[in-house]
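The values are calculated or read from the model by the stated rules, or taken from the named source; none is laboratory data. In this text the structure is predicted, and so the values were computed from the model without any measurement. In this analysis, Cβ positions are derived from the backbone assuming ideal geometry, glycine residues included, and neighbour counts consider all displayed protein chains. Just so you know, the surface numbers come from the protein's heavy atoms only, side chains and all, with ligands and any DNA or RNA stripped out. Shrake-Rupley method; radii C 1.70, N 1.55, O 1.52, S 1.80 Å.
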Amino acid sequence: MQQYEPDLPNSVQLAAMRRAFKNRRPVVGRRSLLRAGGAGALGVGGLGVLSGCGIPPAARSEGGGASEDHSDQEKRVNFSNWTEYMDVDDKDKNRRPTLEAFTRRTGIKVKYAEDVNDNNEFFGKIKPQLAAGQDTGRDLICVTDWLAARLIRFGWAQKLDPANLPNAYANLAPQFRDVEWDPGRAYTYPWAGISVVVAYNIKATGGREVTSLSQLLDDPKLKGKVGILSEMRDSMGMVMLDMGKDPSKFTTDDFDAAAARLQKAVDKRQIRRFTGNDYTADLTKGDLAACLAWAGDVVQLQADNPDVRFHIPDSGYITGTDVLLVPNKARHKENAERLIDHYYQPKVAAELAAWINYVCPVAGVKEELAKISEEAANDPLIVPDKEMAEKSNSFRALTPKEETAYEAKFAQLTGA
(Lines give C-alpha, C1' and ligand atoms only; values in the text may rest on other atoms or scores of the structure.)
Protein backbone atom coordinates (compact mmCIF):
# COMPACT_ATOMS: atom_id res chain seq x y z
CA MET A 1 0.00 0.00 0.00
CA GLN A 2 1.30 3.40 -0.99
CA GLN A 3 1.19 6.16 1.59
CA TYR A 4 0.18 9.70 0.63
CA GLU A 5 1.07 13.02 2.16
CA PRO A 6 -2.04 14.98 3.14
CA ASP A 7 -2.69 18.17 1.17
CA LEU A 8 -2.58 20.58 4.10
CA PRO A 9 -3.52 24.14 3.19
CA ASN A 10 -0.77 26.71 3.13
CA SER A 11 -1.25 30.44 3.74
CA VAL A 12 -2.22 31.12 0.13
CA GLN A 13 -4.80 28.33 0.11
CA LEU A 14 -6.26 29.51 3.41
CA ALA A 15 -6.60 33.00 1.96
CA ALA A 16 -8.49 31.56 -0.99
CA MET A 17 -10.80 29.70 1.40
CA ARG A 18 -11.46 32.87 3.37
CA ARG A 19 -12.22 34.66 0.11
CA ALA A 20 -14.76 32.01 -0.77
CA PHE A 21 -16.39 32.08 2.68
CA LYS A 22 -16.60 35.89 2.66
CA ASN A 23 -18.03 36.22 -0.83
CA ARG A 24 -20.61 33.47 -0.97
CA ARG A 25 -23.92 34.19 0.64
CA PRO A 26 -27.39 32.83 -0.06
CA VAL A 27 -29.14 33.71 -3.28
CA VAL A 28 -32.78 33.54 -4.25
CA GLY A 29 -34.31 30.28 -3.15
CA ARG A 30 -32.13 27.47 -4.46
CA ARG A 31 -28.70 26.21 -3.42
CA SER A 32 -27.44 28.53 -0.73
CA LEU A 33 -23.69 28.32 -1.23
CA LEU A 34 -22.80 27.47 -4.78
CA ARG A 35 -19.21 26.45 -5.10
CA ALA A 36 -16.67 26.94 -2.35
CA GLY A 37 -13.30 27.81 -3.85
CA GLY A 38 -11.29 24.66 -4.47
CA ALA A 39 -8.15 25.91 -2.85
CA GLY A 40 -7.17 23.37 -0.23
CA ALA A 41 -7.71 19.77 0.63
CA LEU A 42 -9.60 20.67 3.77
CA GLY A 43 -11.19 23.74 5.20
CA VAL A 44 -10.31 25.72 8.27
CA GLY A 45 -12.55 23.59 10.47
CA GLY A 46 -11.20 20.38 8.99
CA LEU A 47 -7.63 21.34 9.78
CA GLY A 48 -8.50 21.81 13.42
CA VAL A 49 -10.19 18.43 13.59
CA LEU A 50 -7.20 16.63 12.14
CA SER A 51 -4.54 18.39 14.15
CA GLY A 52 -6.50 17.93 17.36
CA CYS A 53 -7.10 14.23 16.83
CA GLY A 54 -3.69 13.37 15.44
CA ILE A 55 -5.13 11.50 12.44
CA PRO A 56 -2.25 9.76 10.66
CA PRO A 57 -1.81 9.66 6.89
CA ALA A 58 -4.14 7.06 5.42
CA ALA A 59 -3.31 4.14 3.22
CA ARG A 60 -4.26 4.81 -0.36
CA SER A 61 -6.09 1.90 -1.96
CA GLU A 62 -6.12 2.00 -5.74
CA GLY A 63 -9.52 0.38 -6.21
CA GLY A 64 -11.37 2.31 -3.52
CA GLY A 65 -12.22 1.04 -0.07
CA ALA A 66 -14.96 -1.48 -0.59
CA SER A 67 -16.58 -3.00 2.46
CA GLU A 68 -19.28 -5.54 3.09
CA ASP A 69 -22.46 -4.30 1.43
CA HIS A 70 -25.56 -4.54 3.61
CA SER A 71 -27.97 -3.33 0.93
CA ASP A 72 -29.91 -6.60 0.74
CA GLN A 73 -30.49 -6.78 4.47
CA GLU A 74 -30.87 -3.03 5.17
CA LYS A 75 -33.25 -1.30 2.78
CA ARG A 76 -31.96 2.21 3.31
CA VAL A 77 -29.48 4.73 1.98
CA ASN A 78 -27.93 7.80 3.63
CA PHE A 79 -27.59 10.71 1.18
CA SER A 80 -25.76 13.99 1.92
CA ASN A 81 -26.46 16.90 -0.41
CA TRP A 82 -26.25 20.69 -0.64
CA THR A 83 -29.00 22.85 0.79
CA GLU A 84 -31.90 23.76 -1.53
CA TYR A 85 -30.69 21.23 -4.09
CA MET A 86 -33.65 18.83 -4.14
CA ASP A 87 -37.25 19.20 -5.30
CA VAL A 88 -39.83 19.73 -2.57
CA ASP A 89 -43.61 19.60 -2.51
CA ASP A 90 -45.17 23.04 -2.98
CA LYS A 91 -47.71 22.41 -0.23
CA ASP A 92 -45.49 20.52 2.22
CA LYS A 93 -41.84 21.57 2.25
CA ASN A 94 -40.92 18.48 4.28
CA ARG A 95 -41.84 16.21 1.38
CA ARG A 96 -39.46 15.48 -1.48
CA PRO A 97 -41.41 13.92 -4.34
CA THR A 98 -38.59 12.32 -6.31
CA LEU A 99 -37.10 10.70 -3.20
CA GLU A 100 -40.54 9.41 -2.18
CA ALA A 101 -41.00 7.96 -5.67
CA PHE A 102 -37.70 6.09 -5.30
CA THR A 103 -38.83 4.57 -2.00
CA ARG A 104 -42.20 3.52 -3.45
CA ARG A 105 -40.52 1.86 -6.41
CA THR A 106 -37.66 0.10 -4.60
CA GLY A 107 -38.70 -0.17 -0.95
CA ILE A 108 -35.43 1.60 -0.03
CA LYS A 109 -35.84 4.41 2.50
CA VAL A 110 -33.69 7.50 2.05
CA LYS A 111 -32.22 9.37 4.99
CA TYR A 112 -31.65 12.71 3.31
CA ALA A 113 -29.37 15.35 4.88
CA GLU A 114 -28.61 18.85 3.61
CA ASP A 115 -25.26 18.99 5.37
CA VAL A 116 -23.01 20.03 2.49
CA ASN A 117 -22.72 23.80 2.82
CA ASP A 118 -19.17 24.20 1.55
CA ASN A 119 -16.82 21.70 -0.11
CA ASN A 120 -13.89 22.33 2.22
CA GLU A 121 -16.03 22.37 5.33
CA PHE A 122 -17.71 19.10 4.33
CA PHE A 123 -14.35 17.52 3.59
CA GLY A 124 -13.30 18.44 7.11
CA LYS A 125 -16.31 16.52 8.43
CA ILE A 126 -15.61 13.28 6.60
CA LYS A 127 -11.81 13.23 6.37
CA PRO A 128 -11.11 11.82 9.86
CA GLN A 129 -13.24 8.72 9.17
CA LEU A 130 -11.91 8.29 5.64
CA ALA A 131 -8.32 8.64 6.84
CA ALA A 132 -8.94 6.03 9.54
CA GLY A 133 -10.61 3.63 7.09
CA GLN A 134 -14.01 4.00 8.75
CA ASP A 135 -17.58 4.42 7.52
CA THR A 136 -18.55 8.11 7.29
CA GLY A 137 -22.19 7.26 7.95
CA ARG A 138 -22.98 8.36 4.38
CA ASP A 139 -23.66 6.08 1.42
CA LEU A 140 -23.91 8.82 -1.20
CA ILE A 141 -22.51 12.34 -1.23
CA CYS A 142 -22.82 15.26 -3.64
CA VAL A 143 -19.65 17.36 -3.95
CA THR A 144 -18.08 19.57 -6.60
CA ASP A 145 -15.93 17.91 -9.24
CA TRP A 146 -12.54 19.13 -7.95
CA LEU A 147 -13.19 17.63 -4.52
CA ALA A 148 -14.43 14.38 -6.06
CA ALA A 149 -11.19 14.22 -8.04
CA ARG A 150 -9.22 14.55 -4.81
CA LEU A 151 -11.23 11.80 -3.08
CA ILE A 152 -10.60 9.50 -6.04
CA ARG A 153 -6.89 10.35 -6.01
CA PHE A 154 -6.65 9.50 -2.32
CA GLY A 155 -8.43 6.19 -2.90
CA TRP A 156 -11.40 7.28 -0.78
CA ALA A 157 -14.16 6.65 -3.32
CA GLN A 158 -15.70 3.35 -4.38
CA LYS A 159 -15.90 2.25 -7.99
CA LEU A 160 -19.48 2.06 -9.20
CA ASP A 161 -21.02 -1.14 -10.56
CA PRO A 162 -22.36 -0.50 -14.09
CA ALA A 163 -24.86 -3.34 -13.63
CA ASN A 164 -26.74 -1.16 -11.15
CA LEU A 165 -26.64 1.93 -13.37
CA PRO A 166 -28.41 1.09 -16.66
CA ASN A 167 -30.25 4.42 -16.90
CA ALA A 168 -27.20 6.44 -15.92
CA TYR A 169 -25.03 4.67 -18.48
CA ALA A 170 -27.58 5.08 -21.26
CA ASN A 171 -28.81 8.60 -20.50
CA LEU A 172 -25.74 10.57 -19.44
CA ALA A 173 -25.55 13.53 -21.82
CA PRO A 174 -22.50 13.46 -24.14
CA GLN A 175 -21.33 16.82 -22.76
CA PHE A 176 -20.59 15.14 -19.40
CA ARG A 177 -19.19 11.76 -20.45
CA ASP A 178 -15.52 12.51 -20.92
CA VAL A 179 -13.71 13.91 -17.89
CA GLU A 180 -9.98 13.69 -17.32
CA TRP A 181 -10.19 13.09 -13.57
CA ASP A 182 -12.70 10.19 -13.76
CA PRO A 183 -12.25 8.35 -17.06
CA GLY A 184 -15.32 6.38 -18.09
CA ARG A 185 -17.25 7.72 -15.07
CA ALA A 186 -15.93 4.85 -12.98
CA TYR A 187 -16.56 6.66 -9.67
CA THR A 188 -19.00 9.52 -10.23
CA TYR A 189 -22.11 10.68 -12.07
CA PRO A 190 -23.13 14.33 -12.36
CA TRP A 191 -25.97 15.72 -10.27
CA ALA A 192 -26.01 19.08 -12.05
CA GLY A 193 -23.83 21.21 -14.28
CA ILE A 194 -22.75 24.70 -13.18
CA SER A 195 -22.04 26.85 -16.21
CA VAL A 196 -20.32 30.24 -16.30
CA VAL A 197 -21.87 32.81 -18.64
CA VAL A 198 -21.61 36.51 -19.37
CA ALA A 199 -24.53 38.26 -17.68
CA TYR A 200 -25.58 41.89 -17.95
CA ASN A 201 -28.30 44.33 -17.01
CA ILE A 202 -29.61 45.78 -20.26
CA LYS A 203 -30.81 48.95 -18.52
CA ALA A 204 -27.42 49.51 -16.87
CA THR A 205 -25.60 49.06 -20.21
CA GLY A 206 -27.84 51.64 -21.88
CA GLY A 207 -29.47 49.02 -24.09
CA ARG A 208 -26.18 47.53 -25.31
CA GLU A 209 -25.63 43.77 -25.38
CA VAL A 210 -22.53 42.31 -23.75
CA THR A 211 -21.36 39.22 -25.56
CA SER A 212 -17.71 38.54 -24.72
CA LEU A 213 -14.96 38.64 -22.13
CA SER A 214 -13.22 41.24 -24.27
CA GLN A 215 -16.10 43.64 -23.62
CA LEU A 216 -15.98 42.96 -19.89
CA LEU A 217 -12.26 43.59 -19.71
CA ASP A 218 -11.75 46.28 -22.36
CA ASP A 219 -14.94 48.24 -23.12
CA PRO A 220 -14.46 51.75 -21.63
CA LYS A 221 -18.25 52.19 -21.40
CA LEU A 222 -18.31 49.41 -18.80
CA LYS A 223 -15.38 50.77 -16.77
CA GLY A 224 -15.93 50.33 -13.04
CA LYS A 225 -19.13 48.34 -13.51
CA VAL A 226 -17.72 44.85 -14.20
CA GLY A 227 -17.74 41.86 -11.85
CA ILE A 228 -15.42 38.85 -12.16
CA LEU A 229 -15.93 35.67 -10.14
CA SER A 230 -13.62 34.97 -7.22
CA GLU A 231 -13.63 31.27 -8.17
CA MET A 232 -10.22 30.87 -9.80
CA ARG A 233 -11.12 27.98 -12.12
CA ASP A 234 -14.19 29.71 -13.50
CA SER A 235 -12.71 33.14 -14.15
CA MET A 236 -9.30 32.03 -15.38
CA GLY A 237 -10.92 29.39 -17.57
CA MET A 238 -13.17 31.99 -19.20
CA VAL A 239 -10.26 34.37 -19.80
CA MET A 240 -8.17 31.59 -21.35
CA LEU A 241 -11.03 30.67 -23.68
CA ASP A 242 -11.32 34.29 -24.78
CA MET A 243 -7.59 34.22 -25.53
CA GLY A 244 -7.96 31.11 -27.67
CA LYS A 245 -6.45 28.73 -25.09
CA ASP A 246 -7.92 25.38 -24.08
CA PRO A 247 -8.56 25.33 -20.29
CA SER A 248 -8.51 21.54 -20.31
CA LYS A 249 -4.91 21.50 -21.61
CA PHE A 250 -3.33 24.81 -20.63
CA THR A 251 0.28 25.36 -19.61
CA THR A 252 1.69 27.59 -16.87
CA ASP A 253 2.59 30.13 -19.55
CA ASP A 254 -1.06 30.14 -20.68
CA PHE A 255 -2.21 30.69 -17.09
CA ASP A 256 0.27 33.51 -16.59
CA ALA A 257 -0.86 35.22 -19.78
CA ALA A 258 -4.50 35.06 -18.66
CA ALA A 259 -3.55 36.39 -15.22
CA ALA A 260 -1.67 39.28 -16.85
CA ARG A 261 -4.75 40.13 -18.89
CA LEU A 262 -6.90 40.21 -15.78
CA GLN A 263 -4.27 42.26 -13.96
CA LYS A 264 -4.36 44.87 -16.74
CA ALA A 265 -8.14 45.19 -16.27
CA VAL A 266 -7.64 45.53 -12.52
CA ASP A 267 -4.96 48.19 -12.93
CA LYS A 268 -7.10 50.38 -15.17
CA ARG A 269 -10.07 49.88 -12.80
CA GLN A 270 -12.22 48.22 -15.41
CA ILE A 271 -13.23 45.63 -12.80
CA ARG A 272 -15.37 46.92 -9.94
CA ARG A 273 -14.72 43.84 -7.80
CA PHE A 274 -14.24 40.09 -7.65
CA THR A 275 -17.37 38.43 -6.35
CA GLY A 276 -18.91 35.27 -5.07
CA ASN A 277 -22.59 34.85 -5.81
CA ASP A 278 -23.29 38.14 -4.08
CA TYR A 279 -23.07 39.66 -7.57
CA THR A 280 -26.76 38.82 -7.92
CA ALA A 281 -27.99 41.84 -5.94
CA ASP A 282 -25.63 44.25 -7.72
CA LEU A 283 -26.54 42.91 -11.16
CA THR A 284 -30.25 43.21 -10.42
CA LYS A 285 -29.90 46.80 -9.19
CA GLY A 286 -27.55 47.76 -12.03
CA ASP A 287 -24.59 48.56 -9.77
CA LEU A 288 -22.82 45.96 -11.90
CA ALA A 289 -23.60 46.50 -15.57
CA ALA A 290 -22.06 43.17 -16.58
CA CYS A 291 -20.25 40.25 -14.97
CA LEU A 292 -19.33 36.62 -15.08
CA ALA A 293 -22.19 34.67 -13.54
CA TRP A 294 -23.39 31.16 -12.79
CA ALA A 295 -26.20 30.07 -15.06
CA GLY A 296 -28.45 28.82 -12.26
CA ASP A 297 -28.43 32.30 -10.73
CA VAL A 298 -29.30 33.92 -14.05
CA VAL A 299 -32.33 31.66 -14.53
CA GLN A 300 -33.62 32.67 -11.12
CA LEU A 301 -32.87 36.39 -11.54
CA GLN A 302 -34.61 36.56 -14.91
CA ALA A 303 -37.83 35.34 -13.32
CA ASP A 304 -37.98 38.55 -11.30
CA ASN A 305 -36.09 41.03 -13.47
CA PRO A 306 -36.41 41.00 -17.29
CA ASP A 307 -33.50 43.45 -17.52
CA VAL A 308 -31.07 40.65 -16.60
CA ARG A 309 -29.74 39.03 -19.76
CA PHE A 310 -26.99 36.53 -20.58
CA HIS A 311 -24.78 35.54 -23.47
CA ILE A 312 -22.66 32.50 -24.28
CA PRO A 313 -19.41 33.84 -25.75
CA ASP A 314 -18.41 32.52 -29.15
CA SER A 315 -15.14 31.44 -27.53
CA GLY A 316 -17.04 29.05 -25.22
CA TYR A 317 -17.75 28.78 -21.53
CA ILE A 318 -16.66 26.81 -18.47
CA THR A 319 -18.88 24.11 -17.01
CA GLY A 320 -18.15 22.53 -13.65
CA THR A 321 -20.26 19.82 -12.07
CA ASP A 322 -21.55 18.69 -8.73
CA VAL A 323 -21.30 14.92 -8.73
CA LEU A 324 -22.60 11.90 -6.84
CA LEU A 325 -20.01 9.63 -5.24
CA VAL A 326 -20.03 6.61 -2.90
CA PRO A 327 -17.37 7.08 -0.19
CA ASN A 328 -15.23 4.30 1.19
CA LYS A 329 -16.75 1.85 3.67
CA ALA A 330 -20.33 2.88 2.85
CA ARG A 331 -22.71 0.18 4.15
CA HIS A 332 -25.26 0.46 1.35
CA LYS A 333 -23.33 0.80 -1.90
CA GLU A 334 -25.83 -0.97 -4.13
CA ASN A 335 -28.69 1.06 -2.70
CA ALA A 336 -26.71 4.23 -3.40
CA GLU A 337 -26.09 3.12 -6.98
CA ARG A 338 -29.79 2.47 -7.45
CA LEU A 339 -30.54 5.97 -6.18
CA ILE A 340 -28.07 7.47 -8.66
CA ASP A 341 -29.74 5.51 -11.43
CA HIS A 342 -33.18 6.71 -10.31
CA TYR A 343 -32.21 10.29 -11.15
CA TYR A 344 -31.14 9.31 -14.65
CA GLN A 345 -34.68 8.48 -15.68
CA PRO A 346 -35.78 11.45 -17.82
CA LYS A 347 -39.09 11.90 -16.00
CA VAL A 348 -37.40 12.02 -12.60
CA ALA A 349 -34.58 14.22 -13.92
CA ALA A 350 -37.17 16.65 -15.30
CA GLU A 351 -38.88 17.00 -11.91
CA LEU A 352 -35.53 17.79 -10.30
CA ALA A 353 -34.39 20.18 -13.04
CA ALA A 354 -37.65 22.12 -12.95
CA TRP A 355 -36.98 22.88 -9.30
CA ILE A 356 -33.22 23.51 -9.05
CA ASN A 357 -32.74 25.30 -12.43
CA TYR A 358 -29.18 24.10 -13.06
CA VAL A 359 -27.90 22.29 -16.14
CA CYS A 360 -29.46 18.83 -16.31
CA PRO A 361 -26.92 16.11 -17.22
CA VAL A 362 -29.59 13.67 -18.46
CA ALA A 363 -30.11 13.22 -22.20
CA GLY A 364 -33.73 13.07 -23.31
CA VAL A 365 -34.99 15.24 -20.45
CA LYS A 366 -36.38 18.06 -22.59
CA GLU A 367 -39.61 16.30 -23.62
CA GLU A 368 -40.42 15.39 -20.02
CA LEU A 369 -39.48 18.84 -18.76
CA ALA A 370 -41.79 20.45 -21.30
CA LYS A 371 -44.72 18.68 -19.63
CA ILE A 372 -43.86 20.58 -16.46
CA SER A 373 -42.64 23.89 -17.91
CA GLU A 374 -42.20 24.82 -21.57
CA GLU A 375 -40.10 27.78 -20.47
CA ALA A 376 -37.67 25.59 -18.54
CA ALA A 377 -37.50 23.01 -21.34
CA ASN A 378 -36.50 25.72 -23.83
CA ASP A 379 -34.00 27.42 -21.55
CA PRO A 380 -30.46 26.55 -22.73
CA LEU A 381 -29.16 27.27 -19.24
CA ILE A 382 -31.10 24.22 -18.00
CA VAL A 383 -31.17 22.03 -21.12
CA PRO A 384 -28.27 23.06 -23.34
CA ASP A 385 -29.04 22.95 -27.05
CA LYS A 386 -26.52 21.45 -29.44
CA GLU A 387 -24.76 24.76 -30.07
CA MET A 388 -24.40 25.52 -26.37
CA ALA A 389 -23.27 21.99 -25.50
CA GLU A 390 -20.54 22.20 -28.12
CA LYS A 391 -19.19 25.38 -26.47
CA SER A 392 -18.84 23.73 -23.06
CA ASN A 393 -15.33 23.37 -21.66
CA SER A 394 -13.85 22.04 -18.43
CA PHE A 395 -10.92 23.30 -16.38
CA ARG A 396 -8.29 20.61 -16.15
CA ALA A 397 -7.37 18.86 -12.91
CA LEU A 398 -4.46 20.44 -11.05
CA THR A 399 -1.63 18.83 -9.17
CA PRO A 400 -1.21 19.99 -5.54
CA LYS A 401 1.86 21.97 -6.60
CA GLU A 402 0.00 23.68 -9.45
CA GLU A 403 -2.96 24.43 -7.21
CA THR A 404 -0.75 26.21 -4.69
CA ALA A 405 1.05 28.22 -7.37
CA TYR A 406 -2.05 29.19 -9.34
CA GLU A 407 -4.06 30.16 -6.27
CA ALA A 408 -1.17 32.39 -5.17
CA LYS A 409 -1.13 34.18 -8.49
CA PHE A 410 -4.91 34.57 -8.55
CA ALA A 411 -4.97 35.82 -4.96
CA GLN A 412 -2.39 38.44 -5.85
CA LEU A 413 -4.43 39.93 -8.66
CA THR A 414 -7.75 39.79 -6.75
CA GLY A 415 -6.19 41.37 -3.66
CA ALA A 416 -7.29 38.50 -1.44
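Computed values, structure above
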quantity: Relative contact order (%) - segment 293-416, alpha-carbon pairs under 8 angstrom, separation at least six; calculated: 27 percent
quantity: 5 angstrom amide H check on Ala192, placed H, neighbours 5+ away; calculated: Asp322
quantity: Net charge contributed by nearby residues that have their C-beta within less than 12 Å of Lys333 (K/R +1, D/E -1); calculated: -4
quantity: Of all DSSP beta bridges in segment 181-298, antiparallel share, percent nearest 5; calculated: 45 percent
quantity: Segment 385-416-segment 223-244 distance, computed between alpha-carbon centres (Å); calculated: 10 Å
quantity: Counted charge near Phe176, where neighbours are those whose Cβ lies closer than 11 Å (Asp, Glu -1; Lys, Arg +1); calculated: -1
quantity: In Hz, Karplus ³J(HN,Hα) per residue of segment 306-322 (6.51, -1.76, 1.60; θ = phi - 60°; x = Gly, Pro); calculated: x, 6, 7, 10, 9, 8, 8, x, 4, 6, x, 8, 8, 10, x, 9, 9
quantity: Carbon and sulfur %, accessible surface of segment 264-357 computed with the full protein complex present, 1.4 Å; calculated: 43 percent
quantity: Relative contact order of segment 151-233, pairs being alpha-carbon contacts under 8 Å that are 6 or more residues apart, as %; calculated: 17 percent
quantity: Whole-Hz ³J(HN,Hα) from phi, Karplus 6.51 cos²θ - 1.76 cosθ + 1.60, for segment 130-143, glycine and proline x; calculated: 4, 5, 8, x, 10, 5, 7, x, 10, 9, 8, 10, 10, 9
quantity: Probe 1.4 Å, all protein chains present, accessible-area order of Lys329, Lys221, Lys75, largest first; calculated: Lys221, Lys75, Lys329
